[in-house]
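Before any comments, here is the structure.
Read the figures in this text as sums done on the coordinates, not as results from a lab. Everything numeric here is computed off the predicted structure, so don't read it as measured data. Reconstructed Cβ throughout: ideal geometry from the backbone, glycine too, with neighbour counts over all protein chains shown.
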Amino acid sequence: EPEVTQTPSHQVTQMGQEVILRCVPISNHLYFYWYRQILGQKVEFLVSFYNNEISEKSEIFDDQFSVERPDGSNFTLKIRSTKLEDSAMYFCASSDGYRSAFFGQGTRLTVV
Amino acid sequence: SQQGEEDPQALSIQEGENATMNCSYKTSINNLQWYRQNSGRGLVHLILIRSNEREKHSGRLRVTLDTSKKSSSLLITASRAADTASYFCATAGDTGTASKLTFGTGTRLQVTL
């Protein structure tokens, strides 16, 4: 079965550093998403991406965040200057627009 | 309260028993989905029910949707220890299946032998 792949599985970074989280969505999917889950809390929507542009973003997705689809396969989330409160599990998801979204296994980001 | 709240927050049952989890939401939806998350791991899609459906089955899972009450339930029959996980409902807005998902707070299910 096709799957969404995220790398790395765990990233530790110092406060103020930039991080890039990578995702390879399912190949024929057109809609891409990032969500995050702070430990012990609910999964929160960050941003959706379609046709090479952001289609929707949440209040969390401020100027420190950006997304990119640099080539035909990767979808990245960049956090420019990480804060302690950015520590969370980040999930990438993709969808063909007709069925449910498929989620990756997540990247656990720890900001120290 | 927020969109997508499950109850109970935690549920402990013995293997072989049925587990029922409930979810309430506030806004109009295109569909409602249930996901499972093993501790610290990814989200596994279980089942999707559309707003014009009332009940759906998949293996040992039964989902109901009552749009008049803005609520859904997930029933896991004949539970197994491997069903131990957190279960989340997630609603997709009325812009369609591609719209963002709004997740609930989750139910932690513990199935003991």
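Scan segment B:94-113 for residues that are surrounded by fewer than 18 Cβ atoms within 10 Å (Cβ to Cβ) and not aliphatic (A, V, I, L, M) and report the count. Show your work before the answer.
Keep residues of segment B:94-113 that are surrounded by fewer than 18 Cβ atoms within 10 Å (Cβ to Cβ), which gives B:94-96, B:108, B:110, B:112-113.
Keeping just the survivors that are not aliphatic (A, V, I, L, M) gives B:94-96, B:108, B:110, B:112.
Total meeting the criteria: 6.
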Exactly one of A:LEU21, A:LEU39 is within 11 Å of the chain's Cα centre (by Cα) and farther than 17 Å from B:SER99 by Cα, and that one is A:LEU21
Flag for B:THR91 being on the phi < 0 side of the Ramachandran plot, within 14 Å of chain A (Cβ to nearest Cβ) and surrounded by 17 or more Cβ atoms within 10 Å (Cβ to Cβ)
yes
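Kindly establish whether A:GLN17 is closer than 19 Å to B:GLY40 by Cα, polar (S, T, N, Q) and touching a Ser or Thr at 6+ places or on another chain (Cβ under 6 Å).
Numbers: closer than 19 Å to B:GLY40 by Cα: no; polar (S, T, N, Q): yes; touching a Ser or Thr at 6+ places or on another chain (Cβ under 6 Å): yes.
Criteria not met by A:GLN17.
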Search result, residues across segment A:1-34 that are charged (D, E, K, R) and either closer than 16 Å to A:ASN74 by Cβ or in contact with a Cys (Cβ under 7 Å, 6 or more places away or on another chain) (or both)
A:GLU3, A:ARG22
Could you tell me which numbered condition A:GLU56 fails, if it satisfies all but one of (1) within 26 Å of B:GLU5 (Cα to Cα); (2) in contact (Cβ under 8 Å) with a residue 40 or more places away in the chain?
(2)
